[in-house]
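Q: There's a structure below that I have some questions on.
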Amino acid sequence: MRRNDLDEAERVMLEAYAAAFTEGEKQFVEQNLDNLAQHLAFRVGEPIEGAKYRRRVQQQAPGQGTFQQPPKKEVRWQAHEGEVTRPELLHQRANPIGTPFPRKTTADLDVDSGKIRDGPFILTDGMEGWNMLETWKDDWEEELAELFPEAVTDFYPYNMLSEERQSPYLTRLPKGIKELMIPQAKYHFGTPKDGKHVEGRYMHLQLSPKMWEKLEQSGHMPPTRHEFLENDEWLAACMGHPDSAIAQEWHLKTHWKIILTGTRGAGMFNHSDALLTSSWHSQILGQKWWYVCGTHADGRQVCYEDILQPGEILYYPRRWHHETQCVETPTMTLTDTVAHEGNAEGIMMKTFGECTGRNPLNFDFSSQLCDALDTCNTYWKERVKAEGGKWRGEDREPWRDSTSADRIKKLEDTKPEHNNYDGRNYITEMP
């Protein structure tokens, strides 16, 4: 097992331990962590007999077991106190200057898309024929509100650069657009009572399959794009995309497709995507700073950095950490998540952990969606093997056979239409 796989296994097990409800579940995770410690000891030539987990978790006192809760997650964002190195940014970052992203064209994609997926790049001509680049330049507020007047957004009034204050306000789209753009003196959300906030407002509009179709049918985005930018075939094969309730559930709960709009300084703290997915991000309005770090297949560790311009598309693979910051007001990005033969098994592993409760991601899936994901797992397994690849979870049981009756009941009580935007939670309306 490679080092990055060991790190991923450790991270998953630490999350599982933190989410365990019973002593039996905790003991099960402890045993797996001990096995991981033995594997690590073997790799470095240490004695493995009786090895206990000891990498990042300090052992407890005698009689208290060998495992304790992982330390509280650190806040990874902080204001830069040194010399300003990026004058374009409102909030300076201490990150070393990164390498410019490789730049590709659609002709490059046609040569060897598998090799291209090895690392991040900027696609320079992928948005040719996208009318929204022109029609939304001056009238994006009216265009977007008219398209989706009843849609509900995740509105972050205090930015997302800090891991503190990450809870969004559910806000009707027209209200969210207004709040995004009005002066501070008229701002509905004001300033937090404790004064702790990072300047910058961010609005995320989660797109259902039907909303995505409406973007295409209304002419704002071409329905026919380069195949590298078309990623819904598998959803049609196992989820009834785009018409089914579970396809909508999948999109909304995993944030599969999003329109992100922010003011200058708004952005996202450093993270990697929880489902081990890849994604592309098309720049519609304004400029957005990207900082993306990871490891290429040949072992090279690289941090890329650039400011994405309207008409450009950024792509990054799974396990690449990234952070962003909007350079202008407004800045808008339309993003789509990508599943392919190279990352599908990781996605299926993650969703299996969510459905069974072994490694919950708190997506709150319904049992119907988890049943469909069993079908998706078979679809991807056959597709990967047909391409000559290997599928490690060859004998994986259906999720219902791999979890408790209580877990099954919990998911059966969750309906596909249950989500953050269904009216059960308070939604901020106009005016």
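Q: Out of Glu417, Glu382, Glu328, which single residue is modelled with pLDDT of 95 or more, more than 20 Å from the chain's Cα centre (by Cα) and in the same structural domain as Tyr202 (by TED's automatic domain parsing)? Spell out how you get there, then give the answer.
A: Numbers: Glu417 fails: in the same structural domain as Tyr202 (by TED's automatic domain parsing); Glu382 fails: in the same structural domain as Tyr202 (by TED's automatic domain parsing).
The unique qualifying residue is Glu328.
Q: Looking only at helices (runs of 4 or more DSSP H) that fall completely inside the range 131-227, which ones have 3 or more residues that are within 23 Å of the chain's Cα centre (by Cα)?
A: It comes to 173-181, 209-217.
Q: Which condition number does Thr351 fail, the rest of (1) part of a helix (DSSP H, G or I); (2) under 15 Å from the mean Cα position of the chain (by Cα); (3) without any contact (Cβ under 8 Å) to a residue 40 or more places away in the chain being met?
A: Unmet condition: (3).
Q: Assuming Leu373 fulfils every condition listed in (1) more than 16 Å from the chain's Cα centre (by Cα); (2) closer than 23 Å to Leu161 by Cβ; (3) of a type outside the set (Asp, Glu) apart from one, which condition is it?
A: With respect to (1) more than 16 Å from the chain's Cα centre (by Cα); (2) closer than 23 Å to Leu161 by Cβ; (3) of a type outside the set (Asp, Glu), Leu373 is out only on (2).
Q: Specify which of the listed residues (Arg396, Arg407, Arg424) is more than 23 Å from the chain's Cα centre (by Cα), farther than 15 Å from Met349 by Cα and in the same structural domain as Met348 (by TED's automatic domain parsing).
A: Working: Arg396 fails: farther than 15 Å from Met349 by Cα; Arg424 fails: in the same structural domain as Met348 (by TED's automatic domain parsing).
Sole residue among the options that is more than 23 Å from the chain's Cα centre (by Cα), farther than 15 Å from Met349 by Cα and in the same structural domain as Met348 (by TED's automatic domain parsing): Arg407.
Q: Working only within the range 235-252, note down all residues that are in a helix (DSSP H, G or I) and either assigned by TED's automatic domain parsing to the domain that holds Val384 or not aromatic (Phe, Trp, Tyr) (or both).
A: Answer for the range 235-252, where residues must be in a helix (DSSP H, G or I) and either assigned by TED's automatic domain parsing to the domain that holds Val384 or not aromatic (Phe, Trp, Tyr) (or both): Leu235, Ala236, Ala237, Cys238, Met239, Ala245, Ile246, Ala247, Gln248, Glu249, His251, Leu252.
Q: While we're on this one: Of the numbered conditions (1) in the same structural domain as Ala145 (by TED's automatic domain parsing); (2) modelled with pLDDT of 95 or more; (3) in a loop (DSSP other than H, G, I, E, B), Arg318 satisfies every one except a single condition; which is it?
A: Only one criterion in (1) in the same structural domain as Ala145 (by TED's automatic domain parsing); (2) modelled with pLDDT of 95 or more; (3) in a loop (DSSP other than H, G, I, E, B) is unmet by Arg318, namely (2).
Q: Take the residues in the range 391-420 that are assigned to a loop (DSSP other than H, G, I, E, B) and of a type in the set (Ser, Thr, Tyr), then tell me which one is surrounded by the fewest Cβ atoms within 10 Å (Cβ to Cβ).
A: So in the range 391-420, the residues assigned to a loop (DSSP other than H, G, I, E, B) come out as 391-398, 403-404, 413-420.
Now drop any that are not of a type in the set (Ser, Thr, Tyr), which leaves 403-404, 414.
Numbers: Thr403: 19, Ser404: 11, Thr414: 18.
My answer is Ser404.
Q: Exactly one condition in (1) part of a strand (DSSP E or B); (2) at pLDDT below 95 is false for Leu109; which is it?
A: The one condition Leu109 does not meet is (1).
Q: Could you grab me the full set of residues in the range 362-399 that are among the acidic types (Asp, Glu) and either touching a helix residue (DSSP H, G or I) at 6+ places or on another chain (Cβ under 6 Å) or closer than 21 Å to Leu252 by Cβ (or both)?
A: Asp364, Asp371, Asp374 - these are the residues of the range 362-399 that are among the acidic types (Asp, Glu) and either touching a helix residue (DSSP H, G or I) at 6+ places or on another chain (Cβ under 6 Å) or closer than 21 Å to Leu252 by Cβ (or both).
Q: While we're here: Looking at the range 400-417, is at least one residue under 18 Å from Lys253 (Cβ atoms) and either of a type in the set (A, V, I, L, M) or in contact with a strand residue (DSSP E or B) (Cβ under 9 Å, 6 or more places away or on another chain) (or both)? Don't jump to the end; show me each part of the working.
A: Kept after step one, since they are under 18 Å from Lys253 (Cβ atoms), are these residues of the range 400-417: 407, 410-417.
So of that shortlist, the ones also either of a type in the set (A, V, I, L, M) or in contact with a strand residue (DSSP E or B) (Cβ under 9 Å, 6 or more places away or on another chain) (or both) come out as 411.
So far as the range 400-417 goes, yes, one or more of its residues are under 18 Å from Lys253 (Cβ atoms) and either of a type in the set (A, V, I, L, M) or in contact with a strand residue (DSSP E or B) (Cβ under 9 Å, 6 or more places away or on another chain) (or both).
Q: Filter the range 354-369 for residues that are more than 30 Å from Leu144 (Cβ to Cβ) and either assigned by TED's automatic domain parsing to the domain that holds Met181 or not in a helix (DSSP H, G or I) (or both) and give the result. Don't jump to the end; show me each part of the working.
A: Step one: of the range 354-369, the residues more than 30 Å from Leu144 (Cβ to Cβ) are 354-360, 367-368.
Correct list: Gly357, Arg358, Asn359, Pro360.
The values are calculated or read from the model by the stated rules, or taken from the named source; none is laboratory data. Treat the numbers as computed from the prediction; the structure is a model and nothing was measured. Please note: Cβ atoms are built from the backbone with ideal geometry, for glycine as well, and neighbour counts cover all protein chains shown.
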